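The values are calculated or read from the model by the stated rules, or taken from the named source; none is laboratory data. Worth saying up front: this structure is predicted, and the values here are computed from it rather than measured. Glycine also receives a Cβ, built like all others from the backbone with ideal geometry; neighbour counts cover every protein chain displayed.
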Amino acid sequence: MLSRERRMRLFDGCQAALVWLAVLASVVADREVESLALAAIAAVALAAAFVALCPVAPAPRPRDASPMTREDETHVL
């Protein structure tokens, strides 16, 4: 599970990659490169959909204040 912030960054990166791949597919004259760019668009779109549908990681719980033990007090670095 990814945090909400990481999911948003990944989704934004997928969107940027889709734009660049679409530009590549429309500008290039070679059919093989165009086919490869279209296949990459499909793969990135699937990745973006997975990220969008992936469950959010639960927020970390604050730690309870644990009492210090004698061992913690005498520990020297």
Practice task
Return the total of residues in the range 1-17 being touching a helix residue (DSSP H, G or I) at 6+ places or on another chain (Cβ under 8 Å) and at pLDDT below 90.
Solution key: 6
Problem - So Val51, is it surrounded by 10 or more Cβ atoms within 10 Å (Cβ to Cβ) and either at pLDDT 90 or above or part of a loop (DSSP other than H, G, I, E, B) (or both) - result: no
Exercise for the section: For the range 1-41, enumerate the residues that are farther than 24 Å from Val51 by Cα and surrounded by fewer than 12 Cβ atoms within 10 Å (Cβ to Cβ). Expected result: Ser26, Val27, Ala29, Asp30, Arg31, Glu32, Ser35
